[in-house]
Amino acid sequence: MEVYEKINEILKNNNLSKKAFSLKLIELEPKLRNTGEVPTINALYSYLSGDVSLRVELIPYIAEVLDIPEQILFDDSNRARMKILKYIIEDINSQERNFLISKLNIKEKNHENENVQKDIINSINDLLKYAPEPFLKNIEHTLKDFKSLSDKFE
């Protein structure tokens with residue numbers, strides 16, 4: 001999918017007209033490198049229709065108007081989103097950590113949840129003897145990834 005198509009898709013999903021989007025973008029006063037001027041509404045419509053190639057210097061402004069990370073304009077696959085998340089978590093600061101915790105609504109485990117978790121673990125442990133070795137190695141690798149991710153939040 002081309003970047004202009006992705007922008008149009010996001011506009012449609014957010015019920016934002018091309019005109020409203022263009023006006024918000026112009027309010028940010030992005031300057032085009034070749035002219036030093038803010039693009040006109042007609043120029044923005046040409047970008048949005050795919051008639052003219054989108055200027056790279058507009059990408060940060062477009063992402064700001066759409067309230068999305070710039071990367072989403074290029075690739076919003078699960079693989080790309082996981083890369084973004086891994087990148088953030090590898091060097092997470094306290095403000096980002098607090099934001100994630102509040103969004104995920106992470107709370108301390110209460111005693112009842114711990115008992116349910118222990119029951120599930122015991123049940124899985126009993127069934128593991130029936131699993132083939134490649135499956136067990138896959139589980140081990142996945143659990144190590146989860147542990148590493150969990151350790152970053154502690």
Query raised in the report: Taking Asp75, is it under 30 Å from Lys18 (Cβ atoms) and within 16 Å of the chain's Cα centre (by Cα)?
Result: yes
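Output yes when any residue across the range 97-120 is of a type in the set (A, V, I, L, M), under 30 Å from Met1 (Cα atoms) and open to solvent by less than 90 Å² (accessible area, probe 1.4 Å), and no when none is.
Looking through the range 97-120, at least one residue is of a type in the set (A, V, I, L, M), under 30 Å from Met1 (Cα atoms) and open to solvent by less than 90 Å² (accessible area, probe 1.4 Å).
Would you call Ile10 open to solvent by less than 30 Å² (accessible area, probe 1.4 Å), modelled with pLDDT of 90 or more, of a type in the set (A, V, I, L, M) and out of contact with any Gly (no Cβ under 8 Å at 6 or more places or on another chain)?
On the way: open to solvent by less than 30 Å² (accessible area, probe 1.4 Å): yes; modelled with pLDDT of 90 or more: yes; of a type in the set (A, V, I, L, M): yes; out of contact with any Gly (no Cβ under 8 Å at 6 or more places or on another chain): yes.
Here the answer is yes, as Ile10 does meet what is asked.
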**Report entry** Complete set of residues in the range 122-154 that are aliphatic (A, V, I, L, M), closer than 30 Å to Tyr87 by Cα and open to solvent by less than 100 Å² (accessible area, probe 1.4 Å)
**Finding:** Leu136, Ile139, Leu149
Requested in this report: Only helices (runs of 4 or more DSSP H) wholly contained in the range 15-92 count here; list those with 3 or more residues that are farther than 30 Å from Phe153 by Cα and open to solvent by less than 70 Å² (accessible area, probe 1.4 Å).
Outcome: 18-27, 41-49, 59-66
Requested in this report: Report yes if some residue within the range 99-118 is touching a helix residue (DSSP H, G or I) at 6+ places or on another chain (Cβ under 9 Å) and either modelled with pLDDT of 90 or more or within 30 Å of Lys19 (Cα to Cα) (or both); otherwise report no.
Outcome: no
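The values are calculated or read from the model by the stated rules, or taken from the named source; none is laboratory data. Nothing here was measured: the structure is a model prediction, and the numbers come from that model. All Cβ positions, even for glycine, are placed from backbone atoms using ideal geometry, and neighbour counts span all protein chains on display. Surface areas here come from the heavy atoms of the whole protein model, side chains and all, with no ligands, DNA or RNA. Shrake-Rupley method; radii C 1.70, N 1.55, O 1.52, S 1.80 Å.
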